[in-house]
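Structure record follows, encoded as structure tokens.
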Amino acid sequence: MGMEGKLAPWFAAHLPDADDVRVQGLDRVEVGHSAETLIVTVSWRDGGNVQQGDVVIRVRPPAPGLLEPYDLKRQFDILRGLDGTPVRAPRALWFEPSGEVMGREFYVMEKRPGTVYERGFPPALASDPARVRRMSESILEQVAAIHGVDLHATGLDAVGDGKGYLERQLEHWSDQIGRFQRAPLPALERLMDGLREQRPEQCPMATLVHGDPKPGNFAFEGAEVTAVFDWEMADIGDPLADIGWVEILWNMPGYPTSAAGALSVDDFVAGWEQLTGIRAEHRHWYRAFQSLKMAAILFVGGQLFDSGHSDDLRLMEMTNAIVPVTRRALGELGLDEDLDSGPVTPREERIREVKARLAP
């Protein structure tokens, strides 16, 4: 029985008033390197009428993954909590924890309309600065809405109280690097030490933190955000962590926020302060802090490639950014030491092996 044949009875059990439930068009969405995202069309009979609609399935990635430990249930619970709030997150529908249907746990959510611009955008958009500006403002409004969610009213206070968020995050990303470290990494190790030495008191207001609010995780219709995606790193904690992440990615080529007309980073931060009433202090530290997270994710991806857990050449290519990201982060902390990076990219023999195997 194919995957569609296994999913049909599962959906039928969750649509008890529907007859002749069928699942079609199982297509993989290739964007991203963590959870698998699948789009399916579910059709059924309601009396004499045939109904159908598209839904999205998020499947837990096989271990070891890029973002471990991977808590799919927490993502589902956060999306459930956001239903009815101003945050335009997809509505979570059902969670399947057993792994018996698809071999791994998954959840189902609604398919939101809109287009994601992550790897470039059309010339018509790039030449429309008024539209680009409104798109960047709409991102700002959604980031502020995330940080304005009432944790108690939504039940999201059950996720955590946010205390010690920065300390936990520093330890987490340091541990992620340590998972695959095979030799000294002087520059990254100095960055980790510098972040601990200069760590400020975290923001006194604990909020929902998205964890990855890059412009490529927002979908648009026209100039308005219709959906906010990828809640894998969401938590309760310090909202300034999200601001630091936005700052280091805002002007990345391929995002609409890098086009003429977009809010500047400083304008984004000022607008966020006005909407949330929170002051964005210690911005240089948060940029360095989030640069460590980026470097850690890139490093883990590269080492998954190096160790044979993945043959995805994109993971290898992305490790080329680790050195400049680390250097910029050290500069943010005033640590302009000339330190060796150590082995942060996959071994050349492994790269040659994979390229030879994948060659046509």
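Structure notes:
- The residues of the stretch 284-306 that are polar (S, T, N, Q) and over 15 Å from the mean Cα position of the chain (by Cα) amount to a single one, GLN303.
- Taken as a whole, the structure places ILE297 among residues that are closer than 30 Å to PRO346 by Cβ and touching a residue at least 24 places away in the same chain (Cβ under 8 Å).
- Residue identified as within 24 Å of HIS210 (Cα to Cα), without any contact (Cβ under 8 Å) to a residue 24 or more places away in the chain, in the same structural domain as GLU247 (by TED's automatic domain parsing) and of a type in the set (A, V, I, L, M) among ALA153, ALA145: ALA153
- Within the stretch 297-317, considering residues that are assigned to a helix (DSSP H, G or I) and not hydrophobic (A, V, I, L, M, F, W, C), the one surrounded by the fewest Cβ atoms within 10 Å (Cβ to Cβ): ARG314
- Within the stretch 107-119, residues that are over 12 Å from VAL56 (Cα atoms) sit with their Cβ atoms under 7 Å from residues that are modelled with pLDDT under 95 and part of a loop (DSSP other than H, G, I, E, B), at 6+ positions apart or across chains, in these pairs: TYR117/TYR255; GLU118/VAL31; GLU118/GLY254; GLU118/TYR255; ARG119/GLY254.
- Of all residues making up the stretch 120-160, the number that are part of a loop (DSSP other than H, G, I, E, B) and in contact with a helix residue (DSSP H, G or I) (Cβ under 8 Å, 6 or more places away or on another chain): 4
- Failed item in (1) in contact with a Gly (Cβ under 9 Å, 6 or more places away or on another chain); (2) surrounded by fewer than 17 Cβ atoms within 10 Å (Cβ to Cβ); (3) within 25 Å of ALA219 (Cβ to Cβ), with LEU140 passing the rest: (2)
- Within the stretch 83-102, residues that are on the phi > 0 side of the Ramachandran plot and surrounded by fewer than 17 Cβ atoms within 10 Å (Cβ to Cβ) have Cβ atoms under 6 Å from residues that are modelled with pLDDT under 95 and assigned to a loop (DSSP other than H, G, I, E, B) in these pairs: GLY99/GLU105, counting only partners at least 6 apart in sequence or on another chain.
- Checking ARG45 against (1) within 14 Å of the chain's Cα centre (by Cα); (2) free of Cβ contacts under 8 Å to residues at least 60 places away in the same chain; (3) surrounded by fewer than 18 Cβ atoms within 10 Å (Cβ to Cβ), the condition it does not meet: (1)
- Residue match in the stretch 175-183 (condition: in contact with a Gly (Cβ under 8 Å, 6 or more places away or on another chain) and either loosely packed, with under 14 Cβ neighbours inside 10 Å or outside any loop (DSSP other than H, G, I, E, B) (or both)): yes
- Members of the stretch 83-113 found to be at pLDDT 95 or above, under 17 Å from GLU224 (Cβ atoms) and not polar (S, T, N, Q), listed by number: PRO86, VAL87, ARG88, ALA89, PRO90
- Boolean, ASP128 is under 26 Å from PHE220 (Cβ atoms), more than 20 Å from the chain's Cα centre (by Cα) and acidic (Asp, Glu): yes
- Failed condition for VAL132, given (1) surrounded by 18 or more Cβ atoms within 10 Å (Cβ to Cβ); (2) at pLDDT 95 or above; (3) within 29 Å of ASP17 (Cα to Cα): (3)
The values are calculated or read from the model by the stated rules, or taken from the named source; none is laboratory data. Here the structure is a predicted model, which is why all the values come from computation and not from measurement. Glycine also receives a Cβ, built like all others from the backbone with ideal geometry; neighbour counts cover every protein chain displayed.
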